[in-house]
Amino acid sequence: MKKIDTSSTSLFPAARFIKEIGRGKEGARSMSQEDAQLLYGAMLEARVSDLEMGGILLAMRIKGESVQEIAGFMAAAQTQILALHAPTDRLHVPVVIPSYNGARKKANLTPLLALLLARRGVPVLVHGVLKDAGRVTTAEIFEALGKPFAHSAAEAEALMAQHEPAFMSIDTLSPAMTRILAMRKILGVRNSTHTLVKILQPFTSPALRLTSYTHPEYQIMLHQYFSDIAPHERGDAFLMRGTEGETVASTGRAQQIDWFHEGQCTTLVQTHQSLSGDLPDIPETCDAATTARWIESVLAGDVAVPANIADQVEHCVMVTKLLKERFAGA
């Protein structure tokens with residue numbers, strides 16, 4: 001990952017890009033993948049003025065990202081994230097779980113998913129924010145569980161070697177992307193980086209990315225990205241509607257989960273319009289301490305794993321093993 005030295009960098013002239021993307025939802029034109037990579041690279045390197053940065057972020061928010069723009073942004077972002085090495089003695093490639101939403105109403109069970117996968121021998125990286133006002137983050141629940149955070153690539157790799165999920169804050173994984181994420185507090189709205197962090201793949205070898213969306217237009221765009229553009233050698237992806245934005249299956253009605261493998265999409269789970277079976281035993285409140293104690297009860301076998309999460313675990317185990325076998329023989 002490159003370090004950013006803003007003391008010696010010159011400002012990047014962004015006006016020609018803003019002229020194209022800043023004409024409103026109907027009049028704006030999308031950038032080519034190459035231009036998107038060039039612009040976002042300058043943004044990550046802090047070579048875009050504050051005024052132009054605000055214009056770019058708001059223009060993209062109004063226009064919406066094209067799949068070529070997301071691909072260009074990702075190519076630039078890949079140079080600004082820590083590179084991680086997966087354990088070599090496993091039967092599974094790693095699972096990458098982004099966690100940037102947390103819980104507002106229902107318990108955030110992303111840590112349960114990560115711990116269940118790690119218990120099955122799957123290396124797991126969870127990355128996300130430490131705090132989010134009004135929400136209970138995965139980081140806060142891991143802290144309540146007494147799980148350490150990874151503050152470097154070496155620490156993340158050590159945790160995975162110990163069959164523990166590695167949680168790494170985005171501040172550590174990509175300081176450059178963190179700076180752009182933080183502009184939400186200034187502008188009051190999310191920006192393209194909130195989409196990009198959910199599709200990061202930090203490993204130097206193939207991995208399975210769990211990715212979610214909230215709005216239907218992102219489902220369409222990400223479906224095209226994983227079908228047509230995402231490099232196959234980076235591994236596979238699961239795409240689903242988020243549970244309050246998190247990439248963990250709901251304890252209520254199951255969401256559709258699409259699996260992208262070498263450009264082909266297979267639906268692993270169909271959307272259920274009604275609940276099947278009895279209502280699962282779930283935490284009564286969504287605070288970190290209550291959620292952590294409930295997760296411990298599940299791991300101890302005192303409470304059943306919610307059926308939809310159990311199914312999600314099995315799909316992850318199957319695909320990560322398939323990928324390991326495929327790339328081991330390549």
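The values are calculated or read from the model by the stated rules, or taken from the named source; none is laboratory data. Quick caveat: nothing in here was measured; it's all calculated off a predicted structure. Every residue, glycine as well, gets a Cβ built from its backbone with ideal geometry; the counts of neighbours run over all protein chains shown.
One residue is enough: does the stretch 181-191 have a residue meeting the conditions within 22 Å of MET43 (Cβ to Cβ), in a helix (DSSP H, G or I) and not hydrophobic (A, V, I, L, M, F, W, C)? Yes, the stretch 181-191 has at least one match. When the stretch 157-185 is examined, which residues are found to be of a type in the set (Val, Ile, Thr) and either free of Cβ contacts under 8 Å to residues at least 12 places away in the same chain or at positive phi (or both)? The one that is of a type in the set (Val, Ile, Thr) and either free of Cβ contacts under 8 Å to residues at least 12 places away in the same chain or at positive phi (or both): THR178. Picking from residues in the stretch 306-330 that are of a type in the set (Asp, Glu) and at pLDDT 95 or above, the one that is surrounded by the most Cβ atoms within 10 Å (Cβ to Cβ) is ASP311. Looking only at the stretch 227-249, residues that are more than 14 Å from the chain's Cα centre (by Cα) and buried (at least 22 other Cβ atoms within 10 Å of the Cβ) come to 3 in all. Residue-level check: of (1) in contact with a Leu (Cβ under 7 Å, 6 or more places away or on another chain); (2) surrounded by fewer than 21 Cβ atoms within 10 Å (Cβ to Cβ); (3) assigned to a loop (DSSP other than H, G, I, E, B), THR285 misses just (1). THR9 passes every criterion in (1) more than 20 Å from MET221 (Cα to Cα); (2) of a type outside the set (A, V, I, L, M); (3) modelled with pLDDT of 95 or more apart from (3). Quick check: anything in the stretch 122-143 in contact with a His (Cβ under 9 Å, 6 or more places away or on another chain) and free of Cβ contacts under 8 Å to residues at least 60 places away in the same chain? Among the residues of the stretch 122-143, at least one is in contact with a His (Cβ under 9 Å, 6 or more places away or on another chain) and free of Cβ contacts under 8 Å to residues at least 60 places away in the same chain, which makes the answer yes. Is one or more of the residues making up the stretch 178-194 in the same structural domain as PRO111 (by TED's automatic domain parsing) and in contact with a Pro (Cβ under 7 Å, 6 or more places away or on another chain)? Checked the stretch 178-194: no residue is in the same structural domain as PRO111 (by TED's automatic domain parsing) and in contact with a Pro (Cβ under 7 Å, 6 or more places away or on another chain).
For the condition part of a helix (DSSP H, G or I), among the hydroxyl-bearing types (Ser, Thr, Tyr) and at pLDDT 95 or above, THR267 does not qualify. Condition first: hydrophobic (A, V, I, L, M, F, W, C), more than 25 Å from SER169 (Cα to Cα) and in the same structural domain as PRO283 (by TED's automatic domain parsing). Can you find one or more residues in the stretch 238-255 that meet it? Yes, some residue in the stretch 238-255 is hydrophobic (A, V, I, L, M, F, W, C), more than 25 Å from SER169 (Cα to Cα) and in the same structural domain as PRO283 (by TED's automatic domain parsing). Scoring ILE180 on the criteria (1) of a type in the set (A, V, I, L, M, F, W, C); (2) surrounded by 22 or more Cβ atoms within 10 Å (Cβ to Cβ); (3) in contact with a strand residue (DSSP E or B) (Cβ under 7 Å, 6 or more places away or on another chain) leaves a single failure, condition (3). Is it the case, given these coordinates, that VAL303 is touching a Phe, Trp or Tyr at 6+ places or on another chain (Cβ under 8 Å), surrounded by 16 or more Cβ atoms within 10 Å (Cβ to Cβ) and part of a loop (DSSP other than H, G, I, E, B)? In short, yes. In the stretch 1-101, counting only helices (runs of 4 or more DSSP H) that sit wholly within it, the ones holding 1 or more residues that are touching a residue at least 40 places away in the same chain (Cβ under 8 Å) and within 20 Å of the chain's Cα centre (by Cα) span 33-44, 50-63, 67-77.
Yes/no matrix, rows are residues, columns are (1) modelled with pLDDT of 95 or more; (2) farther than 21 Å from THR291 by Cβ; (3) not in a loop (DSSP other than H, G, I, E, B):
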{"position": "ASP132", "(1), (2), (3)": "no, no, no"}
{"position": "GLU143", "(1), (2), (3)": "yes, no, yes"}
{"position": "LYS147", "(1), (2), (3)": "yes, no, no"}
{"position": "GLU155", "(1), (2), (3)": "yes, yes, yes"}
{"position": "LEU159", "(1), (2), (3)": "yes, no, yes"}
{"position": "GLU164", "(1), (2), (3)": "yes, no, no"}
{"position": "PHE167", "(1), (2), (3)": "yes, no, yes"}
{"position": "MET177", "(1), (2), (3)": "yes, yes, yes"}
